[in-house]
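Take a look at the structure below.
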Amino acid sequence: MDSNKEQGPISSTPVSSEATILNAVPIRHYGRWIATLFLLLVALVMAKSLITNPRFRWGIVGDYIISAPILAGLRLTFMLTVVAQLLGIFIGIILAIMRLSSNRVLARAAWIYIWFFRGTPLLVQLIFWYNISALYPEISIGIPFGPTFWQGNANDLITPFAVAILGLALNEGAYMAEIVRGGIVGIDRGQGESAKALGMTHMQTLRRIVLPQAVKVIIPPTGNQTILMLKTTSLVSVLALADLLYTAQTIYARTFETMPLLMVVSLWYLGITSVLTFGQFFLERHFTEGKHVRTSFTQRITGRVSMRGSSAKLGDGGSQ
Amino acid sequence: MIEPALRVEGVRKSYGHVEVLKGINMQVKPGEVACLVGPSGSGKSTFLRCINHLEKINSGRLYVHGDLVGYEEKKGRLYELSDREVCRKRAEIGMVFQSFNLFQHMSVLENIIEAPMRVLKISKEEAVMYARELLELVGLSGREESFPKQLSGGQQQRVAITRALAMRPKLMLFDEPTSALDPELVGEVLTAMQDLANSGMTMIVVTHEMGFARKVADTVAFMDAGLIVESGPPDQLLDHPQHERTKSFFSKVL
């Protein structure tokens with residue numbers, strides 16, 4: 001070893017900052033440049049057409065976008081989305097816990113539910129629930145094979161709104177069940193075991209240790225499902241429920257302003273999707289444990305993540 | 001006669017057709033430290049997990065402080081205990097795992113006070129006070145707000161020991177507590193365990209650290225293929241093993 005050398009390759013003397021700047025010619029990405037030019041061109045053509053094509057009739061879009069019937073339809077769409085999704089999440093958690101149960105009947109029942117609701121089209125399910133009175137004209141509450149406490153006409157009880165909520169939520173529950181189950185299964189077994197070893201009950205372990213950690217994994221696909229739900233609610237037009245799309249359809253059936261009204265509808269769906277995306281971002285950030293790898297909303301959209309903050313914290317850990 | 005902390009009679013355990021414990025007999029007196037050593041797959045960890053009923057035994061009897069683990073015996077018949085009752089018994093037995101298993105979404109302090117608050121129903125103030133006291137003993141004062149990922153393996157394992165001690169257990173189980181650690185971090189965890197042993201805690205330790213076994217254990221038991229082949233005081237077992245299997249094992253690891 002020639003340790004006598006003053007200037008070894010790993011010298012501790014500070015290097016002047018000028019020496020570290022390389023004067024190299026960067027690689028020319030011709031392919032990317034051509035693709036960029038092409039995209040800019042397409043965007044330009046589309047923008048020109050949106051502005052100059054008079055058949056878009058943006059004036060009519062402006063007239064309708066905050067008109068009373070459209071806003072009423074929007075309110076219904078939003079209500080259906082929120083209520084059906086929340087119910088769906090609730091059903092999903094219960095089904096997921098059932099599927100993971102060591103009781104075979106519970107696990108199999110959940111499996112059959114998921115199999116059935118994922119295996120039939122939602123549109124069919126909605127129409128089925130709408131016509132349920134054909135199967136059961138009378139609905140009663142009581143003890144099976146025992147006394148009846150309450151009885152009612154199915155047609156009075158099952159309003160189109162109730163059918164919409166029921167159909168959307170039951171169907172959503174099947175999908176959410178698999179998402180929640182995936183989240184729970186993804187948690188290291190040791191987490192639950194150490195909770196049990198400390199004397200926590202099965203439910204305490206689930207509620208305090210497993211589910212809070214699973215939430216982090218569950219949120220992104222749940223955000224996806226919620227956005228999907230927003231648009232799936234437009235299926236309720238078969239129940240003659242005046243949601244956003246159905247309202248627009250009834251208007252343009254009368255006025256033949258099809259395109260402008262579809263623009264109105266699309267703009268509203270896009271708007272709510274943006275709000276939901278924003279909400280998902282904050283939920284995700286809230287549940288990022290340790291809270292040290294944080295990204296801002298704009299970083300997330302542009303896909304640029306600064307590693308500076310996180311690497312500083314990693315150094316603090318010591319073991320890495 | 002004092003009731004032993006652990007009394008094990010003919011315990012057997014199978015997974016399907018594979019029998020991993022083939023009739024274990026063992027006694028540990030209160031305040032004693034027993035080390036279980038032996039090759040991988042000999043059933044050491046499974047046996048440890050049977051003691052706090054994380055695994056159910058197939059036959060035999062297992063008593064902790066005179067109480068049957070996981071069951072109740074009435075008129076010669078065994079009745080399985082409810083989840084709640086099993087949990088109450090488990091709360092008296094601390095366990096430390098090879099992979100630490102700290103709750104990843106909780107800070108060090110939250111990890112320690114969770115079970116005392118939820119299981120023992122101790123007030124938060126009292127739980128926090130005791131947690132800080134224990135953290136100081138293992139040299140982790142000032143780390144209360146850290147998250148597990150920000151700690152080294154040795155620090156995590158010391159938090160895990162603290163978390164178990166916060167339940168004021170009468171018996172502590174250690175399942176290869178240093179096997180997942182970098183060699184330079186093993187010492188700090190063994191020191192914490194030795195301090196605990198000196199304080200009079202009854203401990204059952206599955207380990208490959210023969211130095212620790214020799215220094216701290218009152219009894220060392222050598223397990224192979226689901227049986228305790230030989231047991232005795234550390235000096236006798238480590239230096240003068242009687243059985244061929246024990247001799248060949250120690251000739252390789254010592």
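The values are calculated or read from the model by the stated rules, or taken from the named source; none is laboratory data. What you see is a predicted model, and the numbers here were worked out from it, not measured in a lab. Don't worry about glycine lacking a Cβ; one is built from the backbone with ideal geometry, like all the others, and counts go over all protein chains shown. Heads up: the accessible areas ignore ligands, DNA and RNA and are worked out on the full protein's heavy atoms, side chains in. Shrake-Rupley method; radii C 1.70, N 1.55, O 1.52, S 1.80 Å.
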Of the residues in region A:198-213 that are in contact with a helix residue (DSSP H, G or I) (Cβ under 6 Å, 6 or more places away or on another chain), within 17 Å of B:Pro148 (Cβ to Cβ) and part of a helix (DSSP H, G or I), the one that is farthest from the other protein chains (Cβ to nearest Cβ) is A:Val210
Please determine whether any residue of region A:182-196 is closer than 23 Å to A:Leu71 by Cβ and more than 14 Å from every other protein chain (Cβ to nearest Cβ). no
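B:Pro177 - would you say it is part of a loop (DSSP other than H, G, I, E, B), open to solvent by less than 60 Å² (accessible area, probe 1.4 Å) and more than 10 Å from chain A (Cβ to nearest Cβ)? It would help to see each step written out before you state the result.
On the way: part of a loop (DSSP other than H, G, I, E, B): yes; open to solvent by less than 60 Å² (accessible area, probe 1.4 Å): yes; more than 10 Å from chain A (Cβ to nearest Cβ): yes.
Yes; evaluated as a whole, the condition is true for this residue.
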Among (1) open to solvent by 50 Å² or more (accessible area, probe 1.4 Å); (2) closer than 23 Å to A:Gly199 by Cα, where does B:Arg12 come up short? (2)
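Among the candidates A:Thr258, A:Thr232, which residue alone is surrounded by fewer than 17 Cβ atoms within 10 Å (Cβ to Cβ), more than 14 Å from every other protein chain (Cβ to nearest Cβ) and of a type in the set (Ser, Thr, Tyr)? Let's see the steps before the verdict.
Values: A:Thr232 fails: surrounded by fewer than 17 Cβ atoms within 10 Å (Cβ to Cβ).
The conditions single out A:Thr258.
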If you go through region A:153-176 one residue at a time, do you hit one that is touching a residue at least 12 places away in the same chain (Cβ under 8 Å), open to solvent by 10 Å² or more (accessible area, probe 1.4 Å) and closer than 14 Å to A:Leu100 by Cβ? no
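Considering only residues that are outside any loop (DSSP other than H, G, I, E, B) and among the hydroxyl-bearing types (Ser, Thr, Tyr), which ones fall in region B:180-203? Talk me through it step by step, then tell me what you get.
Going residue by residue through region B:180-203, those that are outside any loop (DSSP other than H, G, I, E, B) are B:183-198, B:202-203.
Hits for region B:180-203 are B:Thr191, B:Thr202.
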Residues in region B:82-89: is at least one within 8 Å of chain A (Cβ to nearest Cβ) and either on the phi > 0 side of the Ramachandran plot or touching a residue at least 40 places away in the same chain (Cβ under 8 Å) (or both)? no
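What about B:Val138, is it open to solvent by less than 60 Å² (accessible area, probe 1.4 Å), within 24 Å of the chain's Cα centre (by Cα) and within 14 Å of another protein chain (Cβ to nearest Cβ)?
Numbers: open to solvent by less than 60 Å² (accessible area, probe 1.4 Å): yes; within 24 Å of the chain's Cα centre (by Cα): yes; within 14 Å of another protein chain (Cβ to nearest Cβ): no.
Judged against the criteria, B:Val138 is not a match.
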Counted residues, region B:20-54 - those being closer than 23 Å to B:Pro241 by Cα, within 14 Å of the chain's Cα centre (by Cα) and either open to solvent by 20 Å² or more (accessible area, probe 1.4 Å) or without any contact (Cβ under 8 Å) to a residue 24 or more places away in the chain (or both): 2
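Can you tell me which residue among A:Ala195, A:Ala253, A:Ala240, A:Ala248 is of a type in the set (A, V, I, L, M) and touching a Gly at 6+ places or on another chain (Cβ under 8 Å)? Outline the logic, then answer.
Numbers: A:Ala195 fails: touching a Gly at 6+ places or on another chain (Cβ under 8 Å); A:Ala253 fails: touching a Gly at 6+ places or on another chain (Cβ under 8 Å); A:Ala240 fails: touching a Gly at 6+ places or on another chain (Cβ under 8 Å).
Testing whether each residue is of a type in the set (A, V, I, L, M) and touching a Gly at 6+ places or on another chain (Cβ under 8 Å) leaves just A:Ala248.
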Just give me the residues in region A:212-227 being over 22 Å from A:Val275 (Cβ atoms), among the aliphatic types (A, V, I, L, M) and either surrounded by fewer than 19 Cβ atoms within 10 Å (Cβ to Cβ) or touching a residue at least 60 places away in the same chain (Cβ under 8 Å) (or both), in sequence order. A:Val217
Can you tell me how many residues within region B:103-134 are open to solvent by less than 20 Å² (accessible area, probe 1.4 Å), facing another protein chain (nearest Cβ under 8 Å) and not acidic (Asp, Glu)? 2
Among the residues that make up region B:142-157, is at least one of them away from chain A (no Cβ under 12 Å), surrounded by fewer than 20 Cβ atoms within 10 Å (Cβ to Cβ) and out of contact with any His (no Cβ under 6 Å at 6 or more places or on another chain)? yes
B:Thr207 fails exactly one of the following numbered conditions: (1) without any contact (Cβ under 8 Å) to a residue 40 or more places away in the chain; (2) of a type outside the set (A, V, I, L, M); (3) within 17 Å of B:Val33 (Cβ to Cβ); (4) open to solvent by less than 40 Å² (accessible area, probe 1.4 Å). What is the number of that condition? (1)
When you check A:Thr77 against the structure, is it surrounded by 10 or more Cβ atoms within 10 Å (Cβ to Cβ), closer than 24 Å to A:Tyr252 by Cα and modelled with pLDDT of 90 or more, yes or no? yes
Every listed condition ((1) open to solvent by 30 Å² or more (accessible area, probe 1.4 Å); (2) closer than 20 Å to B:Arg49 by Cα) holds for B:Thr202 save (1)
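Which residues, counting only those in region A:235-246, are open to solvent by less than 10 Å² (accessible area, probe 1.4 Å) and closer than 17 Å to A:Ile60 by Cα? Spell out how you get there, then give the answer.
Initially, region A:235-246 is screened for residues open to solvent by less than 10 Å² (accessible area, probe 1.4 Å), giving A:236, A:239, A:243-244.
Answer for region A:235-246, where residues must be open to solvent by less than 10 Å² (accessible area, probe 1.4 Å) and closer than 17 Å to A:Ile60 by Cα: just A:Leu244.
Listed here are the residues, each with its yes/no results for (1) at pLDDT 95 or above; (2) of a type in the set (Lys, Arg); (3) under 18 Å from the mean Cα position of the chain (by Cα).
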| site | (1), (2), (3) |
| --- | --- |
| B:Glu188 | no, no, yes |
| B:Ala192 | no, no, yes |
| B:Met203 | yes, no, yes |
| B:His208 | no, no, yes |
| B:Lys215 | no, yes, yes |
| B:Asp218 | yes, no, yes |
| B:Ala221 | yes, no, yes |
| B:Ala225 | no, no, no |
| B:Asp235 | no, no, no |
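Looking only at region B:55-80, which residues are crowded, with 18+ Cβ neighbours inside 10 Å and either under 14 Å from B:Gly94 (Cα atoms) or within 14 Å of another protein chain (Cβ to nearest Cβ) (or both)?
If we filter region B:55-80 for residues that are crowded, with 18+ Cβ neighbours inside 10 Å, which is where we start, we get B:55, B:57, B:62, B:64, B:69-71.
B:Glu55, B:Val64, B:Val69, B:Gly70 - these are the residues of region B:55-80 that are crowded, with 18+ Cβ neighbours inside 10 Å and either under 14 Å from B:Gly94 (Cα atoms) or within 14 Å of another protein chain (Cβ to nearest Cβ) (or both).
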So A:Glu193 passes all but one of these: (1) within 29 Å of B:Arg88 (Cα to Cα); (2) open to solvent by 20 Å² or more (accessible area, probe 1.4 Å); (3) within 16 Å of the chain's Cα centre (by Cα). Which condition number does it fail? (3)
Against the conditions (1) surrounded by fewer than 19 Cβ atoms within 10 Å (Cβ to Cβ); (2) part of a helix (DSSP H, G or I); (3) of a type outside the set (Phe, Trp, Tyr), where does A:Pro144 fall short? Just the number, please. (2)
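Residues in region A:33-41: is at least one part of a helix (DSSP H, G or I) and either among the hydroxyl-bearing types (Ser, Thr, Tyr) or at pLDDT below 55 (or both)? Steps first, please.
Residues of region A:33-41 part of a helix (DSSP H, G or I): A:33-41.
Of the ones still in play, those that are also either among the hydroxyl-bearing types (Ser, Thr, Tyr) or at pLDDT below 55 (or both) are A:36.
Yes, region A:33-41 contains at least one residue that is part of a helix (DSSP H, G or I) and either among the hydroxyl-bearing types (Ser, Thr, Tyr) or at pLDDT below 55 (or both).
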